[in-house]
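Here's the structure, in structure tokens; my notes come after.
Every number in this text was worked out from the coordinates using simple rules, so none of it is lab data. Keep in mind that this is a model prediction, so the values were computed, not measured. Neighbour counts run over all protein chains shown; Cβ positions are idealised from the backbone, glycine included.
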Amino acid sequence: MLKVRAMLVATIALALGGCATRGALHIDCPQFTKYIIKMPRSQLVEDIQADAGAGGLQVQALAADPRARFSLEASLAAGARNAMRPKALRVPEAAIAAPPGDAVLLLSGGGQWGAFGVGFLDRLRSAHPDQFPRARTITGVSTGGLQALFLAVGTDQAFAALRQAYAPGSESDIVNRNPQWQAVITGSIAGLAPLKRKVLAALCVDGDPAKGCPMIDALASDASADAFIGFVDAESGDFYYAPIKMMARTLPKAEAQQCIAGAAIASAAMPVFFQQVKVGDRVYYDGGVRQSVFETRIAAQAYAEGRAAAVMAQSLGMANPPAPPMLYVARNGPTVLTDDASPQKGADALTNALRAEAIVVNQLEVQSIADLRLADPTGPIRLVTADGFDRPPGSCVKEPKDAMFSPSFMACLTRFGAARADRVPPWRALSPIAPGAEPSAVRLSPLSVR
């Protein structure tokens, strides 16, 4: 009996091994590691990890690197300098075709929830332009990384393409879906080949660089914002970002198409849910496994620039110093985790792993936004979220419940995003933390008597 059982197990193992996974999605960008930049740790994180012996050498080395002028730090510094400069000394807008502004726009992950952000930002731009963030720096993670490409260009044509990208006819337009239980065999719940085709086609006409790549040309232009897409190196676990303008400007079109697509798709490759992504010879994960938005580095630099401007204004005797750049955060999804009774009904590994992942990701999403305020205690930060999607004016219901990209749900989220943009004010301000402020007291509810 034991021998029969052993043979059965071996047979199943061999069968599974023969069709074990759909394999990684390969994207051909051999120079990818030469372009991407490791996100520096904040001083607080370095303090926490001090005994590990890791220092900030990577940041210092970047100063002499060709990537330095295209880095996130360089973009933030340029925006801050322009924001702090008295308006009379700024370059006239007529001198630039469509000048980027001074704000910083941070776009979170969220998959199909990105339809909310698209509806919100598109409506702001068309109906409430005074509330639309004129950003010099745009960062994105996961679905936010895909949005960043279109928003950095910012033209009517780019917004039309963005709306179309988040209005699929069916789920199969974006992913190759298999039943959830097959993830144990295939390595993921869905393949990303359709998404790869869509991104390549967005960058170059019909996906063919020989026919021209107007979007890459636009991303390379001085008129576009600086776009940065974040993802995680699977081996080291470190967070990296791709400087999209540098790729668009310095690589031949065919290589730029592959490398930019590689950054965007790697940023969306949430393990288990989506197919593994290999760009060049390395595997990358969705940036959301580390942080939902590029947080502390941006806020810390904005805070430093603000303090420097205040000192300069004081030395010049300015009564009203210029304001630091505004940080806008678009949370592509809700911040409150919805109930899921499935773990109560089954104890299988996949069900519990997926629920645990949802809880961890939700915590990362909320904490990433909170970390912005911790790094910049007083600067202006504006936030929008999809909270309230399930009640009027949203009342959005996902059908089927486990859909990754439900066309009807995404259409509803787009409408809800537009309605949220019509709210006065459309953005919520994050409360500043006053210097020396005491932590807020928390009163615990009394335990119920059983």
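If packing is taken as the mean number of other Cβ atoms within 10 Å per residue, what is the order of 412-419, 360-367, 256-263, highest first?
My ranking of the peptides, most packed first, is 256-263, 412-419, 360-367.
With each label point set 7 Å from Cα along the Cα-Cβ vector, what nm distance links K211 and A411?
2.7 nm
List the residues of the stretch 257-296 whose backbone N lies under 11 Å from a point placed 7 Å from the Cα of I185 along the Cα-to-Cβ direction.
Within reach of a label on I185: no residues.
Show which lysines lie in cross-link reach of K278 when reach means a straight Cα distance below 27 angstrom and same-chain residues fewer than eight apart are skipped.
K34, K38, K196, K198, K211, K245, K253
Rank-order 243-253, 420-430 by packing density, defined as the average count of other C-beta atoms within 10 Å over each peptide's residues, highest first.
So the order, starting with the most tightly packed, is 243-253, 420-430.
Quick check on packing: order 176-189, 216-229, 124-137, 392-405 by the mean number of other C-beta atoms within 10 Å, highest mean leading.
216-229, 124-137, 176-189, 392-405
Once R0 is set to 45 Å, what does the formula 1/(1 + (r/R0)^6) return for the Cβ-Cβ distance between T250 and D173, expressed as a FRET efficiency to the nearest 0.05?
Computed FRET efficiency for T250 and D173: 0.90.
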